Every structure is written in C-alpha cells, then in structure tokens.
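Q: Provided herewith is a single structure, encoded as structure tokens, for subsequent inquiry.
The values are calculated or read from the model by the stated rules, or taken from the named source; none is laboratory data. Computed from a predicted structure; not experimentally measured.
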Amino acid sequence: MTHQLKRREAAWKSRKQEQHPHGKIKSLKTLSSEYDEKHTTTL
C-alpha cells in the first residue's frame with residue numbers, strides 16, 4: 001500500500017469513529033434501570 005492510501009484510510013476511520021449522530025448508545029444496565037423507574041407500581 002502507498003503511504004497516501006494508508007493516510008486516507010486512517011483519516012476515514014477516525015472520522016467514522018468520532019460520529020455519534022444519535023448520541024452515545026446507552027448500556028443495557030442503564031436502559032433497564034430507566035425502564036424500572038418508569039414502570040414500577042406501588043401497591
């Protein structure tokens with residue numbers, strides 16, 4: 001591979017990794033705790 005191609009691929013990969021169009025993805029633990037808070041019923 002040429003140096004220019006490696007540089008171009010590295011730049012493309014770094015741009016792709018920096019994107020978070022919908023925000024960071026929540027973990028399953030966070031989602032489950034939010035669900036529990038919203039859907040708990042007190043008896």
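Q: Sort out which residues of region 16-36 are at pLDDT 85 or above and outside any loop (DSSP other than H, G, I, E, B), and write them in order of number. Let's see the steps before the verdict.
A: Start the filter on region 16-36 by keeping residues that are at pLDDT 85 or above, which leaves 27-36.
Hits for region 16-36 are L28, K29, T30, L31, S32, S33, E34, Y35, D36.
Q: Specify the residue that is farthest from the chain's Cα centre (by Cα); the eligible residues are those in region 1-15 that are at pLDDT 90 or above and of a type in the set (A, V, I, L, M, F, W, C).
A: Within region 1-15, the match that is farthest from the chain's Cα centre (by Cα) is L5.
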